[in-house]
1. What are the GluC sites (Glu not before Pro) within segment 44-147 that DSSP puts in a loop, where the Cβ has at most 15 other Cβ atoms within 10 Å?
2. If packing is taken as the average number of other Cβ atoms within 10 Å across a peptide's residues, how do 92-101, 282-291, 31-40, 226-235 rank, most packed first?
3. Sequence neighbours fewer than 8 away in the same chain don't count; with that in mind, list the aspartates and glutamates whose C-alpha is under 17 Å from K311.
4. Looking at the square roots a ≥ b ≥ c of the eigenvalues of the Cα gyration tensor of segment 164-203, which shape do they give, rounded for a/c under 1.5, prolate if a/b is larger than b/c, or oblate?
5. Could you order peptides 5-15, 175-185 by the average number of other Cβ atoms within 10 Å of their residues, highest first?
6. Can you give me the orientation-averaged projected area of the convex hull built on the Cα atoms of the chain, in nm²?
7. Tell me which of A43, L80, V161 sits at the most positive position along the dipole axis of the chain, charges placed on C-beta atoms (Lys, Arg +1; Asp, Glu -1).
8. Which of the aspartates and glutamates could a cross-linker span from K92 if the Cα-Cα distance has to be under 17 Å and same-chain partners fewer than 8 positions apart are dropped?
Amino acid sequence: MPLVTSTEMFRKAYEGGYAIGAFNVNNMEIVQGITEAAGELNAPLILQVSAGARKYANHTFLMKLVEAALIEQPNIPICLHLDHGADFDICKSCVDGGFTSVMIDGSKYPFEENIELTRRVVEYAHEHGVVVEGELGKLEGVEDEVKVAEGMGSYTRPEEVEEFVTRTGVDSLAIAIGTSHGAYKFKPGTKPQLRFDILEEVSRRLPGFPIVLHGASSVPQEYVKIINENGGNMPDAIGVPEDMLRQAARMAVCKINIDSDLRLGLTAGIRQVMKEHPEYFDPREYLKVGRANVKSVVAHKIKEVLGCEGKAAECMESLK
Ligand code: G3H
Ligand code: 13P
Ligand code: ZN
């Protein structure tokens with residue numbers, strides 16, 4: 001089946017109290033690991049591509065990898081999404097290039113400018129049958145293309161969400177409630193906390209409207225341990241506790257973004273094989289172990305965190 005938008009997925013996820021996993025892709029092994037897990041568990045899926053991923057792998061290679069996944073996994077709906085689009089041009093390029101969903105991240109701008117930019121992207125995307133995610137509030141984080149310094153993040157202001165959604169026409173909204181990008185989300189020794197009161201108030205003001213949670217990796221400690229025991233150096237890497245993610249998924253959060261956990265799985269696999277077998281120089285030997293870890297991260301999320309196992313068919317009802 002062709003790529004789909006996230007409209008039906010979010011409708012069903014909202015009603016059913018579950019969330020769709022949005023996983024970042026950068027190369028073949030990551031696409032394969034994610035889509036094999038979703039295919040085996042009959043889970044609806046969002047594959048997302050950042051500006052950095054497009055720079056690394058190039059648009060055409062990523063498109064063709066995703067098209068291959070559509071052929072290999074014909075029984076699950078897959079949406080292809082631009083993650084953190086920084087300006088109109090990258091959003092347009094992804095709409096024109098076959099994506100079914102784009103994020104315009106105007107959270108770095110003042111409210112009115114964010115509205116203006118987001119509205120422009122929505123106008124163009126909707127004309128082409130593509131859905132749009134906007135953002136209000138700032139997450140902290142230290143990823144390549146998404147940099148907000150420590151202490152510079154800010155929670156979403158619930159009193160702004162109705163006006164933002166009405167004036168822009170966005171299809172979903174990313175909010176900041178205390179998660180952050182990367183593998184160091186909370187200070188060691190402190191209790192991880194998310195502002196569920198903000199999420200609650202946002203959903204009260206936007207009934208039935210799909211909310212997106214960025215920075216939602218839980219940073220599996222077994223992979224951090226493998227990395228650190230095999231030549232890595234990631235002290236105090238800490239993620240979002242899984243019970244908090246489950247709680248968010250039962251509430252209005254319909255899309256949960258995960259990138260760092262895939263990176264950890266892949267890196268742990270590669271480091272382990274390289275340490276155990278210094279004689280190996282065939283990339284397949286270590287990449288296949290990394291890929292298997294990516295697959296098991298995604299399977300775990302689908303079963304234990306997102307609650308979307310077996311939901312592929314219901315998310316395709318109106319598409320048949
Ligand atoms: O939200 C950020 C994602 O993890 C993408 O990271 O820009 O390094 O590809 P990236
Ligand atoms: P993590 O760094 O927590 O995986 O977040 C990814 C993300 O939000 C992509 O947009
Ligand atoms: Zn993000």
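Since every read-out is calculated from the coordinates, none of them should be taken as a lab result. Everything numeric in this text was worked out from a predicted model, so none of it was measured. So basically every Cβ, Gly included, is an ideal-geometry build from the backbone, and we count neighbours across all protein chains shown.
1. For GluC sites (Glu not before Pro) across segment 44-147 that sit outside H, G, I, E and B with at most 15 neighbouring Cβ atoms in 10 Å, the list reads E145.
2. 31-40, 92-101, 282-291, 226-235
3. E8, E15, E36, E40
4. In terms of gyration-tensor shape, oblate.
5. The densest-packed peptide leads the list: 175-185, 5-15.
6. 15.2 nm²
7. Value computed over the given set: A43.
8. D83, D105, E116, E123, E127, E133, D171
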